[in-house]
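Contents: one structure, followed by commentary.
The values are calculated or read from the model by the stated rules, or taken from the named source; none is laboratory data. Not measured: the values here are computed from a predicted model. We place every Cβ from the backbone using ideal geometry, glycine too, and count neighbours over all the protein chains shown. All accessible areas refer to the heavy atoms of the entire protein, side chains included, with ligands and DNA or RNA removed. Shrake-Rupley method; radii C 1.70, N 1.55, O 1.52, S 1.80 Å.
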Amino acid sequence: ELKVEQNPLFLSMQEGKNYTIYCNYSTTSDRLYWYRQDPGKSLESLFVLLSNGAVKQEGRLMASLDTKARLSTLHITAAVHDLSATYFCAVDMRDTGNQFYFGTGTSLTVIP
Amino acid sequence: ETGVTQTPRHLVMGMTNKKSLKCEQHLGHNAMYWYKQSAKKPLELMFVYSLEERVENNSVPSRFSPECPNSSHLFLHLHTLQPEDSALYLCASSQGLAGEQFFGPGTRLTVL
């Protein structure tokens, strides 16, 4: 079974700082998603990465995908309090008849 | 209504009750999903329906019974649940089984 590991699981950072969340997965896939979840809320799609080397940016967040390393990163630039949430990566194996595998999530708290 | 809606948003039930969760998607998609989100665990895929046919059933106990009467509606019928079934149940939809998934707000279920 595919394993998707996120690192770190918990992250507390000060406003204005930069940090990277890592998502490692155990088998070949070139489709990866990043989601944000606020407490008690559903998942909001942030990025869809569909090929090796894909890089997407939205505001203070930038996501990248390295399919050879089986690694995706979510980089946070100059964090603000509004970014506090839990971030999930998900590896899409549906094209091989398998499913959608979520990581354990990274709980981010941005401290003013 | 837009996107994916779920009702009820919160549900408390005893172990002998029978209840149903409802999901409706307003996106014109043809695939729908049920996920379970428990504390400190990755999201778990429970069921997948494509064109109203069930295509995935991940060894979910029979006390959970899905129903997809048409491509816009998905139900999860619950009976004789256990306290460990308490979780956030998320519905999602996509266009085709390879399309991006859009999630509903979830139903927070508590089994007493």
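Residues of region B:1-41 that are farther than 30 Å from B:Gly96 by Cβ, open to solvent by 60 Å² or more (accessible area, probe 1.4 Å) and among the hydrophobic types (A, V, I, L, M, F, W, C): B:Val12, B:Met15, B:Ala39. Scanning region A:78-103 for residues that are in a loop (DSSP other than H, G, I, E, B), open to solvent by 60 Å² or more (accessible area, probe 1.4 Å) and closer than 17 Å to A:Ser12 by Cβ gives no hits.
Being within 11 Å of chain B (Cβ to nearest Cβ), hydrophobic (A, V, I, L, M, F, W, C) and under 14 Å from the mean Cα position of the chain (by Cα) is true for just one of A:Leu32, A:Leu43. Which residue is that? Exactly one residue qualifies, and that residue is A:Leu43. Note on region A:1-19: among residues that are assigned to a loop (DSSP other than H, G, I, E, B) and within 14 Å of chain B (Cβ to nearest Cβ), the one that is most open to solvent (accessible area, probe 1.4 Å) is A:Glu1.
Among the residues making up region B:70-112, those that are open to solvent by 40 Å² or more (accessible area, probe 1.4 Å) and within 14 Å of another protein chain (Cβ to nearest Cβ) are B:Gln95, B:Leu97, B:Ala98, B:Glu100, B:Phe102, B:Arg108, B:Thr110. Taking region A:67-77 as the range and being of a type in the set (Ser, Thr, Tyr) and either open to solvent by 50 Å² or more (accessible area, probe 1.4 Å) or assigned to a strand (DSSP E or B) (or both) as the test, the residues that pass are A:Ser72, A:Thr73, A:Thr77. Here A:Ser64, A:Ser45 are screened, and the one residue that is over 30 Å from B:His10 (Cα atoms), open to solvent by less than 50 Å² (accessible area, probe 1.4 Å) and part of a strand (DSSP E or B) is A:Ser64.
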